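> For reference, the structure I am asking about is given below.
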Amino acid sequence: PLMARHAMPQTRLPLTEHPAAQIERRFLAAVIDRLIAWSIAGVVGFIAWLLIGADAVAIAVAVLGSGALIWLVFALVLGVSGMSPGKSATGLRVIEPSTGAPIGVGPALLRALILALAGVPTFGIGLATLAWTAAEDGTGQRRGWHDRRAGSVVVDVRPAPVMAQVDSDEAPR
């Protein structure tokens, strides 16, 4: 697994060039990801209802199975590219702090599992706790408990704003 992660060409992002992601943008990325996942699961549930009928157990199995598949795909994409659809839309990337490369599939699966366990059985209270641990990170990298366990950091990869420079000849004297 370690060799496979380093065998692919990867874009390196040194931490010195990219600031830690703001909590608000991380939250927005998570909301976008959840809306996409819930929409897909809802469509699967609706199609199952149309095909199967009112069998609640079969519909629940279809929805839960699609949810598990979506979770797996999002984790794989995050591990390989460092981005989920929400992170891509908000200009964030999940990287390994020492190399700046995407974290890899194993750590991404661990990170996603911690997020799932914190969110589903606790009705979101665990997610609030993870957000609090990120906000209170003393290192300034805003790493939540899930990031520390997975060895990841979320960074802002949007281009830095370009500041216009005024030539000294054009400036007022």
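The values are calculated or read from the model by the stated rules, or taken from the named source; none is laboratory data. In this text the structure is predicted, and so the values were computed from the model without any measurement. Reconstructed Cβ throughout: ideal geometry from the backbone, glycine too, with neighbour counts over all protein chains shown. For accessibility, only protein heavy atoms count, side chains too; no ligands or nucleic acids. Shrake-Rupley method; radii C 1.70, N 1.55, O 1.52, S 1.80 Å.
> Under a point spin-label approximation (7 Å from Cα along Cα-to-Cβ), what is the Glu136-Leu69 distance to one decimal in nm?
Here the modelled spin labels are 4.0 nm apart.
> Please compute the modelled spin-label separation between Phe27 and Val80, points set 7 Å along Cα→Cβ, answer in nm with one decimal.
3.2 nm
> Tell me the per residue accessible area of segment 35-78 using a 1.4 Å probe; a whole number in Å² is fine.
65 Å²
> What span do the alpha-carbon atoms of segment 54-121 cover on each of the three principal axes, reported in whole Å from largest to smallest?
Result, largest extent first: 51, 22, 17 Å.
> For segment 37-82, what is one quarter of the convex hull surface built on the Cα atoms, given in nm²?
Value for segment 37-82: 3.0 nm².
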